[in-house]
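Here's the structure, in structure tokens; my notes come after.
The values are calculated or read from the model by the stated rules, or taken from the named source; none is laboratory data. All figures in this text were calculated on a predicted structure; none of them were measured in a lab. Cβ sites come from the backbone with ideal geometry, for glycine too, and all protein chains shown count toward neighbours. We work out accessible area using only protein heavy atoms, side chains counted, and drop any ligands, DNA or RNA first. Shrake-Rupley method; radii C 1.70, N 1.55, O 1.52, S 1.80 Å.
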Amino acid sequence: MTQPALDLVIAALEKIRESSDRAPRASRTMLGRLRPANFAAVSLSAALELREGGRETSASPMPRRLQGALSKAQLLEPIRERVCACQKCAHLARSRTQTVFGVGNPDAELMFIGEAPGVDEDQQGDPFVGRAGHLLTKIIKAMNFAREDVYIANVLKCRPDTPSGTFGNRPPTPVEMQTCRPYLAEQIEIIQPKVLVALGAVAVEGLLGSRRTMRELRGQWHTYSGIPLMITYHPAYLLRNQAPSEKRKVWEDMLQVLERLDRPITERQRNYFL
Ligand code: SF4
């Protein structure tokens with residue numbers, strides 16, 4: 001099958017998946033036959049629910065033999081291309097400067113998830129590049145990582161539009177997040193970080209579909225697709241609320257992340273913001 005034909009099949013499967021309670025299915029054998037066209041198989045496996053020996057498997061894991069054929073960076077590339085061309089939210093596709101796919105190390109053990117690009121991200125094409133992004137970079141450095149060591153992505157890949165002539169950003173709507181979420185799910189499926197960190201309640205809602213308060217959610221381990229998930233405040237919250245006690249809460253969450261990753265923690269690190 002040619003690449004344009006496969007793109008059409010993938011788009012049709014995604015449409016079925018979005019509009020139906022039951023995901024389209026294919027057997028592992030059939031998917032395996034696409035092995036020579038690995039890029040297509042990657043996208044197809046994300047759009048399909050797999051079935052093995054008559055037994056359904058959990059939500060669309062890509063066969064490991066296909067994953068092993070390409071690097072994670074190569075596996076992410078066709079998803080980036082689909083995001084770049086995506087028009088699923090016509091209003092956002094019209095208003096965006098560009099899509100914001102994600103940035104960092106595709107082999108990262110730590111992945112941060114935010115809600116949506118703001119005006120700076122829309123201009124520059126990378127997530128977390130504004131004031132909140134600078135603070136996130138500081139947090140990452142305080143954890144003894146470089147920003148390039150981790151992977152950073154948003155639930156939404158386009159900036160939520162705002163009325164012309166107005167300033168600032170708006171949070172994404174539940175429908176926008178639901179529409180875009182499959183791209184993030186594919187990114188996580190490929191990157192397979194050891195730990196995910198969701199930044200803020202909107203990111204959590206986009207990721208888990210949960211609408212609980214940060215007070216209920218943060219500081220505890222959750223799970224997303226079998227991956228440990230830490231929920232903490234969005235850096236923008238820390239910019240609005242500079243109290244050391246709030247910084248300490250975020251830092252305590254990051255200490256838990258470091259422990260989970262078996263990273264060494266110095267006494268100085270343990271005592272930040274005390
Ligand atoms: S927000 Fe996501 S789903 Fe909507 S147009 Fe942008 S890339 Fe497509």
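Structure notes:
- The residue pairs whose first member lies in region 179-191 and is at pLDDT 95 or above and in a helix (DSSP H, G or I), whose second member is more than 12 Å from the ligand (Cβ to nearest atom) and acidic (Asp, Glu), and whose beta carbons are closer than 8 Å, counting only pairs six or more residues apart or on different chains, are 191/107.
- If you check 94, 33, 80 for being surrounded by fewer than 19 Cβ atoms within 10 Å (Cβ to Cβ), over 24 Å from residue 227 (Cα atoms), among the charged types (D, E, K, R) and modelled with pLDDT of 65 or more, only one passes: 94.
- Residue match in region 151-160 (condition: open to solvent by less than 10 Å² (accessible area, probe 1.4 Å), away from the ligand (no atom under 16 Å from the Cβ) and either of a type in the set (Lys, Arg) or within 25 Å of residue 82 (Cβ to Cβ) (or both)): yes
- Residue list for region 79-115, restricted to those being among the charged types (D, E, K, R) and either within 9 Å of the ligand (Cβ to nearest atom) or in a helix (DSSP H, G or I) (or both): 80, 81, 82, 88, 94, 96
- Hits in region 116-138 - residues which are assigned to a loop (DSSP other than H, G, I, E, B) and within 21 Å of residue 73 (Cα to Cα): 125, 126, 127, 128
- Of the residues making up region 142-169, just one is in a helix (DSSP H, G or I) and under 19 Å from residue 237 (Cβ atoms), namely 142.
- Looking at 137, 166, 173, just one residue is within 30 Å of residue 267 (Cβ to Cβ), more than 9 Å from the ligand (Cβ to nearest atom) and hydroxyl-bearing (Ser, Thr, Tyr), and that residue is 137.
- Residue list for region 74-105, filter: in contact with a Ser or Thr (Cβ under 9 Å, 6 or more places away or on another chain) and either of a type in the set (Phe, Trp, Tyr) or more than 16 Å from residue 172 (Cβ to Cβ) (or both): 78, 79, 80, 82, 84, 85
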